[in-house]
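K.L.:
First the structure, which I've put down as structure tokens, then a few questions once you've had a look.
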Amino acid sequence: MNPAVDFRWPFATRPLTPKLGAEISGVNLAQDLSEDVFRAIYQAFLRYQVLLFPPQDLPPARQVALGRHFGEVQIHVMNQYHADGFPELYRLSNLDEKGNPTGHHPDKGTLAWHTDGSWQKVTGQATIIYGEIVPDTGGETHFCDMYGAYERLDAAWKARIANLRAVHNLDFSRSRRHGEDPLTEAQRLAKPPVDHPVVRTHPETRRKCLYLGDHAEYILGMPYDEGRALIEELNALAVHPDLTYEHCWKTQELLIWDNRCVMHRATSYDAATQGRVIRRCTVLGEVPA
Ligand SMILES: [Fe+2]
């Protein structure tokens, strides 16, 4: 992308790493965004893949409105997590009604590298998360660049995976990792497994990226165990320290990322003594190709 476009953006950007992520300052997200400001945010989103906004008060309705600028907002099948009467928001919290830590991690599936919504036909575009309460240590969010992950594969790897499709399954990723809070039968039936290309082309930048993560269970047309091993190997190969951004949260920060070209994970924290409340909005994208 033309670097000169920066000079037309109505906000300041500060890269978070040499390759991935930028902090955006000078935008008040609690006010409705003009089309010009949103267009610039969207250009920055495509260019940097991960955007960080500094601490600010963002009521739930404003977070939903921000999500709607990006596109159709997902109503998550796991309705026990819906927040503040907004089915468009999903709250991950380890606090009880009195605000005390329960010791129970609300979604251990987030600790493995994944990409949001890869378990459905129309997958996640942007995820927008807001840190209502963050722990003193741990509970970080890490990102890795899946354009770079693909580009760094050697020619033999690229040839091997060029036409493969992986089956993604939310029930698999949740139950395999920890077996807590499994899907109900109705939720399972509502979200059957789907298959997507292992190498997808980003629909807007037209760059190729690796598209796997922890929801990917097996490879179509390959013996199950062989496909499992291939997915685990590629998920590990995808993560390069110089193509990774590790975010340590401050309260009321907001992060937006592009699920089509990054994987992410949360790190653990002491859920018995520390509070962590994250409010999430996921925007639907397209069927990967
Ligand atoms: Fe996620």
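K.L.:
Just one of the numbered conditions (1) more than 16 Å from residue 164 (Cα to Cα); (2) in contact (Cβ under 8 Å) with a residue 24 or more places away in the chain is not true of residue 236; which one?
P.N.:
(2)
K.L.:
Here is a follow-up. In the stretch 216-257, how many residues are surrounded by fewer than 19 Cβ atoms within 10 Å (Cβ to Cβ) and among the hydrophobic types (A, V, I, L, M, F, W, C)?
P.N.:
Residues flagged as surrounded by fewer than 19 Cβ atoms within 10 Å (Cβ to Cβ) and among the hydrophobic types (A, V, I, L, M, F, W, C) within the stretch 216-257 amount to 7.
K.L.:
Which pairs have Cβ atoms under 8 Å, sit 6 or more apart or on different chains, and link a residue in the stretch 109-123 that is without any contact (Cβ under 8 Å) to a residue 24 or more places away in the chain to one that is small (Gly, Ala, Ser) and near the ligand (Cβ under 8 Å from one of its atoms)?
P.N.:
Every condition considered, no pair remains.
K.L.:
For the list (1) in contact (Cβ under 8 Å) with a residue 40 or more places away in the chain; (2) closer than 28 Å to residue 240 by Cα; (3) among the small types (Gly, Ala, Ser), I need the number of the one condition that residue 93 fails.
P.N.:
So residue 93 meets the others, but not (2).
K.L.:
Here are 103, 117: which of them is more than 12 Å from the ligand (Cβ to nearest atom) and either surrounded by fewer than 18 Cβ atoms within 10 Å (Cβ to Cβ) or on the phi > 0 side of the Ramachandran plot (or both)? Outline the logic, then answer.
P.N.:
On the way: 117 fails: more than 12 Å from the ligand (Cβ to nearest atom).
Going through 103, 117 in turn, just one is more than 12 Å from the ligand (Cβ to nearest atom) and either surrounded by fewer than 18 Cβ atoms within 10 Å (Cβ to Cβ) or on the phi > 0 side of the Ramachandran plot (or both): 103.
K.L.:
Just name the residue that is farthest from the ligand (Cβ to nearest atom) out of those in the stretch 122-139 that are part of a loop (DSSP other than H, G, I, E, B) and closer than 13 Å to residue 248 by Cα.
P.N.:
First, pick out the residues of the stretch 122-139 that are part of a loop (DSSP other than H, G, I, E, B): 122-123, 134-139.
Retained after the next criterion (residues that are closer than 13 Å to residue 248 by Cα): 134-139.
Working: 134: 16, 135: 17, 136: 22, 137: 21, 138: 17, 139: 13 Å.
Ranking the candidates gives 136 first.
Matching residues to (1) outside any loop (DSSP other than H, G, I, E, B); (2) touching a Lys or Arg at 6+ places or on another chain (Cβ under 6 Å); (3) of a type outside the set (Ser, Thr, Tyr); (4) within 16 Å of the ligand (Cβ to nearest atom):
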| site | (1), (2), (3), (4) |
| --- | --- |
| 40 | yes, no, yes, no |
| 45 | yes, no, yes, no |
| 58 | no, no, yes, no |
| 67 | yes, no, yes, yes |
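K.L.:
Also, quick follow-up: Anything in the stretch 94-121 that is assigned to a loop (DSSP other than H, G, I, E, B) and among the small types (Gly, Ala, Ser)? List them, or say none.
P.N.:
Once the filter is applied, which keeps residues that are assigned to a loop (DSSP other than H, G, I, E, B) and among the small types (Gly, Ala, Ser), the stretch 94-121 yields 99, 103, 112, 117, 118.
K.L.:
So, one more: Would you check if residue 195 is of a type in the set (D, E, K, R), surrounded by fewer than 20 Cβ atoms within 10 Å (Cβ to Cβ), over 16 Å from the mean Cα position of the chain (by Cα) and outside any helix (DSSP H, G or I)?
P.N.:
When the stated conditions are applied, residue 195 passes them.
Throughout, read-outs are computed from the coordinates displayed, never taken from laboratory work. Computed from a predicted structure; not experimentally measured. We place every Cβ from the backbone using ideal geometry, glycine too, and count neighbours over all the protein chains shown.
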